[in-house]
Amino acid sequence: GKVLLDGEDIYGSDVDPVNVRRTIGMVFQRPNPFPTMSIQDNVVAGLKLDGRKRKKAELAEIVEKSLRGANLWDEVKDRLGRPGAGLSGGQQQRLCIARAIAVEPQVLLMDEPCSALDPIATARIEELMAELRENFTIAIVTHSMQQAARVSQRTAYFHLGRLVEIGSTDQMFTTPQHRLTEDYITGRFG
């Protein structure tokens, strides 16, 4: 298949992968802060790849804005120079979200962002997603039907790598149009 963003295949031979990475922020299944970098350096890591020179004050402003955007600022503002790997799992995931939004992408792609987290950290990430969707398009991959129902406005169901159905989350969970979707949502398989 193809992955299209604004009608353009992001894997096309004429597409600049650096531009794609700037356009699509990625948050992975397991928190992956850069272990040898400070919290601050983790946040601005993506910005340093664009080759643009920024003053310390501008970087500090971006760090604060991004950490506030990830609901992490108040927890780490006094230890920005410490390693990001020293944070709890939920804090590390929010740090990764801050790193992703620091470059101001159009889209945040979140691949099972809560699968490695406890229920309290999961709730915080879900609340954060609700806030972030005001400024970003968020695509979340999840196997948790409950999470999809809680955080999504539109849902797509894939089976064996093929798109089966897409629609509003309410419609998908109450009156799915395809038997495979209904079977999965009702727990007949999966």
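The values are calculated or read from the model by the stated rules, or taken from the named source; none is laboratory data. Here the structure is a predicted model, which is why all the values come from computation and not from measurement. A quick note on method: Cβ atoms are made from the backbone with ideal geometry, for glycine too, and the neighbour counts reach across all protein chains shown. These area figures cover heavy atoms from the full protein model, side chains too; ligands, DNA and RNA do not enter into them. Shrake-Rupley method; radii C 1.70, N 1.55, O 1.52, S 1.80 Å.
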For segment 18-96, inverting the pair-averaged 1/r of distinct alpha-carbon atoms gives a Kirkwood value in Å of 12.9 Å
For segment 1-159: accessible area per residue (Å², 1.4 Å):
59 Å²
Take every DSSP beta bridge with both residues inside the chain and express the antiparallel ones as a percent of the total, to the nearest 5.
50 percent
Lysines within cross-link reach of Lys65: Cα-Cα under 25 Å, excluding same-chain residues under 8 positions apart?
Lys48, Lys53, Lys55, Lys56, Lys77
Taking amide H atoms as placed 1.01 Å from N in the peptide plane, list the residues 5 or more away in sequence, or in a different chain, whose amide H sits under 5 Å from that of Ile138.
Leu108
Roll a 1.4 angstrom probe over the protein heavy atoms and tell me the percent of accessible area of the chain that is carbon or sulfur.
51 percent
Over the chain, relative contact order from alpha-carbon pairs under 8 Å, at least 6 apart, %:
21 percent
Expressed as a whole-number percentage, the relative contact order of segment 24-132 with C-alpha contacts under 8 angstrom and at least six residues apart is 47 percent
Which of Gln177, Gln91, Gln40 fluctuates most in a GNM of the chain (C-alpha springs under 10 Å)? That residue is Gln177
Using R₀ = 45 Å, calculate the FRET efficiency as 1/(1 + (r/R₀)^6) where r is the Cβ-Cβ separation of Asp16 and Ser115; round to 0.05.
0.90
For segment 176-186, in order, what is each residue's ³J(HN,Hα) by Karplus, 6.51 cos²θ - 1.76 cosθ + 1.60 with θ = phi - 60°, in whole Hz (x at glycine and Pro)?
x, 8, 10, 4, 4, 5, 4, 4, 5, 5, 8
So which aspartates and glutamates can Lys2 reach, going by Cα to Cα under 20 Å and dropping same-chain residues fewer than 8 places off?
Asp14, Asp16, Asp111, Glu165
Rounded to the nearest 20 debye, dipole of segment 1-152 from Cβ charges on Lys, Arg, Asp, Glu:
540 debye
Of all the C-alpha pairs in the chain, what % are more than 21 Å from each other?
55 percent
Residue with peak Gaussian network fluctuation, the chain [Cα springs, cutoff 10 Å], from Thr137, Thr175, Thr23:
Thr175
Go ahead and set up a Gaussian network model of the chain, Cα springs under 10 Å, then flag whichever of Lys55, Lys65, Lys77 fluctuates most.
Lys55
